[in-house]
Every structure is written in C-alpha cells, then in structure tokens.
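Below is one structure, written out as structure tokens; comments come after it.
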Number of protein chains: 2
Amino acid sequence: MSRLDSFIRRLQAQRIGLDWACAELGPGFVLELGLGNGRTYDHLRSRLGSAREIHAFDRAVAAHPDCVPPADHLHLGDIRNTLPEFADRYPHRTALVHSDAGSGVATETAALAAFIARHLPAILAPNGLVVADQPMPSDALAELPPPAGINPGRYFFYRLR
Amino acid sequence: MSRLDSFIRRLQAQRIGLDWACAELGPGFVLELGLGNGRTYDHLRSRLGSAREIHAFDRAVAAHPDCVPPADHLHLGDIRNTLPEFADRYPHRTALVHSDAGSGVATETAALAAFIARHLPAILAPNGLVVADQPMPSDALAELPPPAGINPGRYFFYRLR
C-alpha cells in the first residue's frame, strides 16, 4: 500500500468515524481538538447543522478562512492550558470530542493524548463520545469497537462510562 | 459536500488518474512536479517498480524521509529554472509528467501551470502523458477525457500530439 493509499484510507476512516458519532451523539457541545486545516471541523459542521455548538482548539489558526469558528468558539494556545480552562468553565456539557492533535512525533503525540484523556471525564456529558486518531488511555472511558469499514487500530472510539 | 468529502474525492481522483497513467505509459522517465509530502511520488514508485526512473521537482524537501528521491533524481529550487534545465539535458525522454504544483493562490497557480505547459513539449517522449491538478494550456498537448470515476474538471489529462 502506498502512502497515498494509506492516507485515503485514513481519511475515509475519519469520515466514517465522524459520521457514526454524528448519528450517535446526544445533546451538548462538540469539541474539535486540533483544528488544523479545518476539514473535519467543516465536516462536523455540515453534518450537524448550525444549531450545534462546535468549539475548536489549536495552537494557532492555520485553517482555511471559511473553516475558522467564531472567536467565542475558538480556543487558541497550548491545549495543556485551554482544555483544563474549558473543563472548568463547561463541566460535563460535551457530547462529542474529536481529537486529531498528533504532532507527527510519536512520543510527543502519545504524551499529548494521555494529557487529553485525563481531562475528558470532566468535560464529557453522560454517554459522551470520543473519536480520536490516537489511543485515549483513561479508566473513565470505555473503548468501543470501530464502526463498520474501519480497521481496528486506525481510529479510536470511546464512550464515557 | 464538506471539505473533508471534497478532499477525499480529490485524492481518489488523483489515485485513479495516476493508476490510469501507470497502465498507459510507455518507456521513459516519470516526472513529479511538486514533491510535497511525497505521497504521490511513493504511489508512482510503488506502482511502477524500482526500475522506473522518477525525477522529482520541488522548491525544497518537505517530504517524509522515506519519500525523498536519490539526489541525482531530485531537482530542488524554482521550477522556472529546474524544468528548463531538465528539458535541455533530457529532451523527449519522459513518458509521464504528474504536476501537482499548485500554491493555493489561484493566479500564481495558473501562471505556474502555463509556464510548465510551455516546457512540456520539449520534455515529453512521443505519446507522452500529462496528469495534472491544473489545466495545462498548450497547442502541443491533446486533452483526454478523464478516466472513469473522475468528474471532468477535477483532474486534467493530456497526451503529446
């Protein structure tokens, strides 16, 4: 499989996972951890409609101008600061967290995922969902089998216990 | 259609187009204009095998280390210099040019595509193919209908007249 093949599969898995979550999620916020170029933000927005409040987090804005959330839903800076602040301000109000915050450096990415995982229980509403590009190790999260069409280990799915 | 949907379709079209070209092309070099992250270079390499010589062009190396061609097949710098130099050195020896050199700025991208198009006739071998993310305006190139699965206007296909 070429890197092009692998990348297409990864994006297809991401889309299947997000579409699954959009069909499953309850009331509450959606969090996009790692706005990046804004593609998955745009996907969530288009699937969920404008009534759903989506909060996006990133170090700085690198997204297409059409894919930048309004300022009061955009949390810029180190996620090690912005995510705990959000948890304090909006505890247990989030229906879905999509985390796509990998840096490309495996050890950094795993450390960041572990940090995010520790803060998710305070953020998620009952039955809250997590869709992530990395494992999210937390005793408070039950790992779910991936939706049909996604190979195990390509994307990760959790529900708050 | 979300930006994620659109991006997946673009990559699928790119793969269909490259696979079509790999099945059609004759003997000669393959040129990758815009190495980028190296995904399509890796795809061409995996489809065509190690015996096929692929020359890649880019301003600077930004590709994954596994997807960087050997130094004598890597042409770094402004393509406005490196492409004419290649044409002088290797006239009419190229079976396929894949051009994915858009900068994101429409006027710049169109100007660069026009520049590339002007130099292709001197580079291409008889029946040489061009697969491009932008239109390649040249009287010496006959536009081909896109292979099945690609909507017109999403990717562009030419054969040297």
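Numbers at a glance
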{"quantity": "Cβ-placed point charges (K, R +1; D, E -1), dipole of the range B:59-107 about Cα centre in debye, nearest 20", "calculated": "100"}
{"quantity": "Estimated FRET transfer efficiency when R0 is 56 angstrom, pair A:A122-B:R159 (beta carbons, to 0.05)", "calculated": "0.40"}
{"quantity": "Extreme residue, positive dipole direction of chain A, given options A:P91, A:I150, A:L160 (C-beta unit charges)", "calculated": "A:I150"}
{"quantity": "Two-decimal Rg to Rh for chain B - Kirkwood Rh, Cα set", "calculated": "0.93"}
{"quantity": "For A:A148, net neighbour charge (Lys/Arg +1, Asp/Glu -1) across residues whose Cβ lies under 15 Å away", "calculated": "+1"}
{"quantity": "Nearest-first distances (nm) between copies at B:H73, label 7 Å from Cα via Cβ", "calculated": "4.7"}
{"quantity": "Share antiparallel - DSSP beta bridges, chain A, percent rounded to 5", "calculated": "30"}
{"quantity": "Residues of the range A:6-48 with amide N under 12 Å of a point placed 7 Å along Cα→Cβ from A:N151", "calculated": "A:6-10, A:13"}
{"quantity": "Exam field: B:E108 pseudo-label spacings to other copies (7 Å along Cα-Cβ), nanometres", "calculated": "2.5"}
{"quantity": "In order through the range A:137-147: 3J(HN,Hα) via Karplus (6.51 cos²θ - 1.76 cosθ + 1.60), integer Hz, x for Gly, Pro", "calculated": "x, 7, 5, 7, 10, 8, 6, 10, x, x, x"}
{"quantity": "Taking only Cα atoms of the range B:59-130, radius of gyration then Dmax in Å", "calculated": "12.9, 34"}
{"quantity": "Bridge type composition, the range A:88-161 - antiparallel percent by DSSP, nearest 5", "calculated": "55"}
{"quantity": "Computed [θ] at 222 nm, helices only, for chain B once each DSSP H run of length n ≥ 4 contributes -39500 (n - 2.57)", "calculated": "-12500 deg cm²/dmol"}
{"quantity": "Label geometry 7 Å along the beta-carbon vector: B:N37 inter-copy distances in nm", "calculated": "0.7"}
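Readers should treat all values here as calculations from the given coordinates under stated rules, not as data from a laboratory. What you see is a predicted model, and the numbers here were worked out from it, not measured in a lab. Every residue, glycine among them, receives a Cβ derived from its backbone with ideal geometry; neighbour counts consider all protein chains shown.
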